[in-house]
Structures are given as C-alpha cells and as structure tokens.
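Below is one structure, written out as structure tokens, with a few remarks after it.
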Amino acid sequence: MDLQIALLLGQDGIVNGAIYGLMALALVLVFSVTRVIFIPQGELVAFGALSMAALGAGHVPATLWLLVALAAMALAVEGWRWKRGVTVEWKATLVWTVLFPVAALAMVLGLRPASLVTQALATLLLVTPLGPLLYRLAYRPLANATVLMLLIVSVALHGVLMGLGLLFFGAEGSRTPAFSDARFDLGGMAITGQSVVVVGVALALVVLMFLFFERSIVGKALRATAMNRVGARLMGIPTDLSGDLSFALAALIGAVAGLLIAPITTIYYDTGFLIGLKGFVAAIVGGLASYPIALAGALLVGQLEAFSSFWASAFKEVLVFTLIIPVLWWRSLHSRHVEDEE
Amino acid sequence: MTRRHLTLFFVVALALAWPLLPEFTATMFSYIALYALVAVGLVMLTGVGGMTSFGQAAFVAIGAYATAWVCTSPAATAALDGVLPPGLVPWLGLALGLVLTFAIAWGLGAITLKLSGHYLPLCTIAWGLGLYYLFGNLQFLGGQTGITGVPALSVAGFSLASPRALGPVIWAVLLLALWALHNLLDSREGRAIRALKSGRVMAESMGVDTAHYRIKVFVLAALLAAISGWLYAHMQRFVNPTPFNLNIGIEYLFMAVVGGAGHLWGAVLGATLITLVKEKLQDILPGLLGASGNFELIVFGLLMVLVLQRFADGLWPTLARFAGRFLRPAAPRAPKAAATLPVRTLAAPGALLLETARVTKRFGGLVANDAISMTLAAGEVHALIGPNGAGKSTFFNMISGVDDPTEGEVRLLGEPMNGQPSRAYAARGMGRTFQHVRLLGQRSVLENVALGAHRRARSGWIASMLRLDRAEEAALLAEARRQIERCGLNAHADAAAASLALGQQRIVEIARALAGQPAVLLLDEPAAGLRHLEKQALATLLAQLRAEGLGILVVEHDMEFVMNLADRITVLEFGSVIAEGTPDEVQRNPRVLDAYLGGSDGDAREAAHPAPVVRPEAAAGLGLDPLAQGAGVSP
C-alpha cells in the first residue's frame, strides 16, 4: 500500500464514518430519551435514499402511502384513546398525523418536485414524520416495558420495514445524482465535491444538535427526560412529546444520511440495516450514552471498514461487526459491580 | 385427566400417527421439532432468564457446518480414515459442533456479562451477521454454495436417511430436552435462573453468582441450537449460509415470544404456529403483493408487535388457562426423605459481627455518607434512623456489597469486605431485605423463600436436570416452609407472591432472608405498610431472633416501633452520624430533636443548610405528640 492509496482509503473512511456518526447520534438520542434501541434507524436511511431515487425517476415513492397509512392509524389510535377518557395532546397529534402527511402529499403529488433541492426537501418531509408515528404506534403502548422488550419490538419493526422496503422499491438498488460534481485536488489527493458535502452536512448537523441541546429550552427538556423520566415529568415536561421529538429527529437524521450516501454507493432495500448497525457499533463504543465518544467510534468504524476493504475485502463486514467484541470487553473492564436493570 | 396425562396423550398420539402421515407432513413436523429445539433455548434465555439473543441461527450454523465439514472435507476424511468407522463420524461432528459452540457462547457471554442486559442481544446481532458473512466467504466451507453430500445418520446399521425415519429421533431429542429443562426449572438452580430476570442485585444478595448463571443459560441455549443444527445437516444432507442468516435468528425469537417466552411448551406452540403460517404465507403473499421475496417477515413483525402489546406472555398461557378448565390439577407428589442442610453456628452474644470504619461515599461533589463508623454485635437490634435523604440507603448499599465506599472500611465477622460483591456478604452470613420489595411476583411465596436458602444446597445443573437433587430439594422446601410458618404466613405459602399485600410481601422478604440462616440481618423499613397487630407480631419475631443471637440492623421510620425494639440507635443527617446511643439517650439528644423538628434558635447549622422542613409524621412518631402515637407511617 502506498501513501496515495492510504490517503484515498482514509478519505473513504472519513466519509463513511460521518454517515455512521450521524446514525450513532440518532441512536444515542433515542435510547437516552426513550430507552428504545432503535434498530429500524437504518431502514429510515434506505427509505430516504430510495424515496429520493424514486422522486428522481419521476415516480411517486410508496413511502408516501406508508406515511398516509401510519398517520391514519395513529389518528385512529389517538381518537380511541380520547374516547376512553385519556388526555390526548391534540396539537402534537395533528402536527404528525395531519399537517406533515398533507404537506408531503401536496409536495409530492401537487408540486411534483423536479430539482434536486425540492426532491431532497420532499424526501425529508416524507421520512421525518415516520419516526414519531412509529413511536406512537409501536413503542408508546409499551412505554413501561423493559429495555429488552422494547429491543424485541425494534427488531420486529426492523423486519416489517425491511419487508416493506423490498415491496416498495424492489430488489434492485438505486443511486441518485450527486449534489456536487466538483472535484478538488488537495496535495495530490483527489477529493470529490460529494464527500465534502457529506462531511460538511454531517458536521453542520452535529453542531446544530449541540446548539439545540445546549441552548434551546426544548433541547434542555429532552436532556432532562433522558436523565430522569419521572423527575422530568414532575417538572411539567410532557415526556410523551419528548418521545415524538426524539424519534422525529432520529428519522430526520436518517433521511439526511440517506440523501448523503445515495450518490456515493448503490442503496438496496436492505443496505440501510447494515449502515444502521455500524452506527450501533459506534454508539456502543460510547456506551449508548456519550455523543462525542460515539462520534469518535464512528470514525474508527469508518476507517476500519475502509482499510479492511483493501486488506481483506471479503471479510470487511465480518471485521466491522466483530469490532463490537473488543469494544464490549473494554467497556466491561470499567464496570465492576453488577448493573441492575431498570 | 391432569396436565401430565395430556402431555403423554399428545406424545403417544404423535407416535401412533407418525407412520400414517404423508411424506410432506412428516417433513414439516420434523422441521417444527428442529425449530422448537432452538426456540426452547430462547425461552430459557428470554422468558426465564431475562436475556435474549437474535443470533441463535448462527449457533445452529456452527452445529450444522461442524458436522458437514467433518463428514465431507478431504482433510478430515483423510485423517479419520481407518481411525473411526464411517458410521461414527457424524458423532464426531456433533462433538466438534458442541465444543465450538460452547467456547464461542462462553466467550460472548463472558464479554457482556457485567454490562446491562441489552448489550448481550446487541452483541448477538453483530455476531449473527458476522458469522453469516464469514461462512459465505470461507472457501473450505464452500462459500455461498455450501457443502453437499453430508451423509445420513445411521444407528446400529439402521439408516435415518428419510425425514420419516429421522423425525422420531428429532422429536425424542426435543422431548428429552423439554423434560430436562422442566426439571432444571423446578429446582434450586431453576429458582436462581428465574431470579436473574427480576434484577440482579436481589439475586446476588441471595448468594447467586448472576454473571456465572447468565453465561450458563446462554451457553445452554446455544448448545440446544447447535444440536438442532447437527440434526438439520443430517436431515437436509447439505448446508449453505442462507438458512442461518440474521432474519432466521429473528424468526426463532418470534417463535419463542409468540408461543410464550415464559413457558417451555410455548416454544413448541410457537414453532408450530410460525412454521405453518410461514408455509401458507409463502404461498399466498407473492400472489397477493405481486412480487416475490421474504414478505412473511412483514406479517411476523406485525404479529410480534401485536403480541407484545396485547399478550406480553404469548399464546401459551391463554391456551393453558383454557385447558385448565378441563384438567385436574396434578396431585402433589409425596416428598422424598429430606436431606439435612448445613447449619451455621452463631456467634456468642456480644461478639462483633459488622463494623464500619469512617465509611464515606461521594457522588461527584455530593457526600452521601461522611465518615460513618458503627458496629453491630450478635444479639442486638441496632436501628439506623434519620430524615429522608440522610444517606441511610446509600449506607445500606455500602455494607451489603451493592456499591463500594469511596473511603473507609467495612468488616463482616472480622473479615475486610471492601470490593467484594453482594454474594460474598451472603456467603459470610448476611441476609437482607429491600426497601422496594424484590420478589418474583409470579412465583409462589414458598419458591421465593426457598431462593433465600440457595447457598445452603449444592446440587448443580446436571443433577437437577436428572432429578438427582430431590432429597436436597425436599430439605430446601421444608426449610422454606419452616421460615414461612415462623413469620406467620403459612396460609399464603402457595399463593403467588404478587397476590399478597405489600406489608406481607415485606415479611416474605424477611422469611427469605431467614432461610439463608444469616448471622447478620439487614432490614430496610420492614414495618412499612404493616397494620398495628402485624407490627407487634414483627417486633415479637425480631425480639426472638435477637434472643437466638442474630445481629439485626434495621432502617425504619416508625419511631414507636424503633424505640420499643432497638437496643441502640444511630441517627444520620446529611450523610453523617449526629447521635448514637440507647433509645432514651437519642430521644433526649437536642441535635436529633433539631433534625426532626426543625431548627429552634437559628444556630450555625441552620445557616449551613436550607431551613429544615417539619416532617409531621416523623415528629409524631418520636413520641412527642401523644395523639399521634403509633401513627408513624413511612412516606
């Protein structure tokens, strides 16, 4: 291996690592606020990428019908809860079940987006509300269940979404046009505009999230919920809405990641799952709790993947997934007493 | 007809009908048994042990690939030629599969055992995916094409080539596994496994090495999967990576959860349902959806979410309730002659049992315990009191191995205990109860109490599976009954623990602690939730235990109870000891009155802390207000 190749692989690793970092960010966010280990995060990436591809090809992505169906179900569930005398947050409910789906319908069917930017916006509009809707339908009825039960639900939901992905988009993969065709030359190393876009957008999202959690009152409320659910509720923070919001952010991040990665690599209905899992490996480096360590873990996963694809390309996935074993071993060195389950 | 008869009837009916089944149905039933063998391992993991695995298909793969490689690879055949007759080679394959599975499962378990419960399943996802890619890329295992030409099993010259011949063997293995697991769960070891699920702190306090048990359960489930894989390879006669991918691993979990993850037969029910439904769905769905693919995963996933939301325990309990209307309960079997349990010789009255030297615990900047020194002697009741937030619970954690002091030393029966786990405290003679009751709600009071005597028996897993532990088990249950009777709960011995009132559940915890025959008893608010007469009975029981030579440390808010019972009292406030002495001394101590009733005349302490809030119930309980005597209820 010469320096040229090493730089190229390193660049690849950084670009992939940025995507995994976004995944890890979303996973840590959802887990700390709702205790849900959100395995379907990766499916949202695939949905984002493949919806974008469908829009680009002039089709109406089936994601739209999934959104409408989930919205109708969620609305029906809320109506039923209301009839039984449960207090329902109608404002939030209507935002997710009516406002977003109607906006997505109008955008996709009415406007028929033709430019890359409007198509990307339409994709975000399609995928983001899936997060809170899935949360309300699948997880919220089990809000008091153990982490283990919620994890099993996540895996079941992953199966459903992957099956739907195959049904919606078929077994063939898609690629979308790059957001930037520019090429730079940096000290003899060719850098594509798209990889700059990926790293730039990922960095911007990380900074935005940081500002959101540190500066805004809503972000602080989310952090409070993550630290202590009951305490947050006693302080008047509606914890159900924190669930909505964290899932919406996770879905938004998933869709953005899908948009970013689709021009670089061909996305199949099941690619998202692998991307999501690599994000998991990164998140576990940070103990599903620390954002900065998770981001560092994501870069590590990206580099490991890039370099193992050169040294032992057949065993690339094996190497990336078995990285979890030394990571967990390292983490277990730091915990001496048994941890009690909640 | 009892449940046992129904099971026998089911087995006999299957055996009689087997030769008459069409070829296709016989094959299907063989597959059901193969899947059920994996699912029953998941029941042990998920519903019983409170863990789970999405990677069981990978262990099936190891069992299948090990035997396929041993039976077909040129290297292995060359090495075995002349050493082992060909009929025995598959058995070597079984041994290899089991050894590999054992090593890998033990390794994975060991890595995740100290971490929270969700790391193990996450690890199994990664491991399941990794192994799938590995098998697809290893050329000596045939890559994606796999290995063909796996020989059929033959036993004593009788070939088991067709599913009709092999099927009964598979079912026999399954039924044998169910029998052994049923026995295991109905034993001392089974109670320890069930205790894993309800929080590890409790199990550790009963002397159970939870990490060790978790690994063992995980290994057991993996070995069952490997056996299933071995049978699969010799039934299918070829192996490739496809049937071992992560989706199949998830399907195994569906079987266990849909059938009923807490019940061994739930695995059989789940495997049957999922296999039959999958067969139908694969026929119907592609036509319905106009495309081909694994769409049954959509249906299974939705089914799974629905089951978890609506019937969290799966379908088996519903079926069992329905059948229960027509079945007689099984007559209790006459207990075997009980063995004798080891008995601890208690220390002489006055001997020092527990002593702490300047125990300090800091959480960041907060000092929860500040240099607390105290002692507990045999034959005394020592009460620890103080307002809420005084650091009593933290201190209890320090002296029971739940957490480590930042500084200071804890000695139990003369032995320094710093850094030791709770089970080491239990081993040296500490029994305890919890402020928030920690019982296995679904299990009977008797079983809960018998868990307390865990350390007094020795039988291991194999002995329990083969029912060689019955004499010891009878002794454990007899001891548990004795303690239940002593605590006045004999009317409830066979009721589910969760069906008792909260106060009674606290007494069950005391009985459980006593079953371990402790020298030191830690009681965390034992009188909370008890009615007046029950409190008197509890006080009598504790006085009796004191007379027997136990040392009892009790945290309690009911001042009447404490003042009448305790020999010595230590008062904590803001993490440090503010008074120590006999009840009379403590009741007259101005600092204690100050802590409980609020500052009297603006001294320096008041300036240092926010204005103390008057706690009416605590004040009343101190015996200062005659009207409120006996009304001291803990918040």
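The values are calculated or read from the model by the stated rules, or taken from the named source; none is laboratory data. Just so you know, these numbers come straight off a predicted model, no measurement behind them. Glycine gets a Cβ as well: all are built from the backbone with ideal geometry, and neighbour counts include every protein chain shown.
For the reader, a short list of remarks on this structure follows.
- Candidates A:Trp90, A:Trp96, A:Trp65 - the one that is surrounded by fewer than 22 Cβ atoms within 10 Å (Cβ to Cβ), among the aromatic types (Phe, Trp, Tyr) and more than 20 Å from A:Ala46 (Cα to Cα): A:Trp90
- Within region A:2-32, the only residue that satisfies the criterion of being modelled with pLDDT of 90 or more, surrounded by fewer than 24 Cβ atoms within 10 Å (Cβ to Cβ) and small (Gly, Ala, Ser) is A:Gly13.
- Taken together, B:Thr375, B:Thr340, B:Thr360 contain a single residue that is surrounded by fewer than 22 Cβ atoms within 10 Å (Cβ to Cβ), not hydrophobic (A, V, I, L, M, F, W, C) and not assigned by TED's automatic domain parsing to the domain that holds B:Glu580, which is B:Thr340.
- Residue match in region A:204-216 (condition: of a type in the set (Ser, Thr, Tyr) and touching a residue at least 40 places away in the same chain (Cβ under 8 Å)): no
Every residue, every condition in (1) away from every other protein chain (no Cβ under 13 Å); (2) over 30 Å from B:Ala427 (Cβ atoms); (3) without any contact (Cβ under 8 Å) to a residue 12 or more places away in the chain, yes or no:
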| residue | (1), (2), (3) |
| --- | --- |
| B:Val268 | yes, yes, no |
| B:Pro286 | no, yes, yes |
| B:Ala291 | no, yes, yes |
| B:Asn294 | no, yes, no |
| B:Leu302 | no, yes, yes |
| B:Leu306 | no, yes, yes |
| B:Arg310 | no, yes, yes |
| B:Val343 | yes, no, no |
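- 3 or more residues within 24 Å of the chain's Cα centre (by Cα) and without any contact (Cβ under 8 Å) to a residue 12 or more places away in the chain: qualifying strands (runs of 3 or more DSSP E) within region B:356-471: none
- Per-region count, region A:309-332, residues closer than 16 Å to B:Trp127 by Cβ, more than 8 Å from chain B (Cβ to nearest Cβ) and aromatic (Phe, Trp, Tyr): 0
- Selection over region B:558-577 of residues that are touching a helix residue (DSSP H, G or I) at 6+ places or on another chain (Cβ under 7 Å) and either surrounded by 19 or more Cβ atoms within 10 Å (Cβ to Cβ) or of a type in the set (Phe, Trp, Tyr) (or both) gives a count of 11.
- Some residue of region B:244-257 being under 14 Å from B:Gly63 (Cα atoms) and touching a residue at least 60 places away in the same chain (Cβ under 8 Å): yes
- A residue that is small (Gly, Ala, Ser) and either within 12 Å of the chain's Cα centre (by Cα) or farther than 26 Å from B:Ile170 by Cβ (or both) occurs somewhere in region B:208-230.
- Of all the residues in region A:123-150, those that are over 21 Å from A:Ala248 (Cβ atoms) and either at pLDDT 90 or above or of a type in the set (Val, Ile, Thr) (or both) number 2.
- Within the option set A:Ala145, A:Ala171, A:Ala190, being among the aliphatic types (A, V, I, L, M), surrounded by fewer than 16 Cβ atoms within 10 Å (Cβ to Cβ), outside any helix (DSSP H, G or I) and within 14 Å of chain B (Cβ to nearest Cβ) holds for one residue only, A:Ala171.
- When B:Ala595 is tested against (1) touching a strand residue (DSSP E or B) at 6+ places or on another chain (Cβ under 6 Å); (2) assigned by TED's automatic domain parsing to the domain that holds B:Arg423; (3) modelled with pLDDT of 90 or more, only condition (3) is not met.
- Test result for B:Phe59, crowded, with 24+ Cβ neighbours inside 10 Å, among the aromatic types (Phe, Trp, Tyr), more than 10 Å from every other protein chain (Cβ to nearest Cβ) and part of a helix (DSSP H, G or I): yes
- Residue within region A:44-58 that is part of a helix (DSSP H, G or I), within 14 Å of another protein chain (Cβ to nearest Cβ) and either surrounded by fewer than 21 Cβ atoms within 10 Å (Cβ to Cβ) or touching a residue at least 40 places away in the same chain (Cβ under 8 Å) (or both) present: no
- Helices (runs of 4 or more DSSP H) contained in region B:159-256 and holding at least 3 residues more than 14 Å from chain A (Cβ to nearest Cβ) and of a type in the set (Ser, Thr, Tyr): none
- In this entry, A:Gly243 passes the filter for residues that are more than 14 Å from every other protein chain (Cβ to nearest Cβ), surrounded by 19 or more Cβ atoms within 10 Å (Cβ to Cβ) and over 30 Å from B:Thr210 (Cα atoms).
- Scanning region A:148-163 for residues that are closer than 15 Å to B:Glu296 by Cα, more than 7 Å from chain B (Cβ to nearest Cβ) and in contact with a Phe, Trp or Tyr (Cβ under 7 Å, 6 or more places away or on another chain) returns a single hit, A:His158.
- Lone unmet requirement of (1) away from chain A (no Cβ under 14 Å); (2) in contact with a Cys (Cβ under 8 Å, 6 or more places away or on another chain) for B:Leu100: (2)
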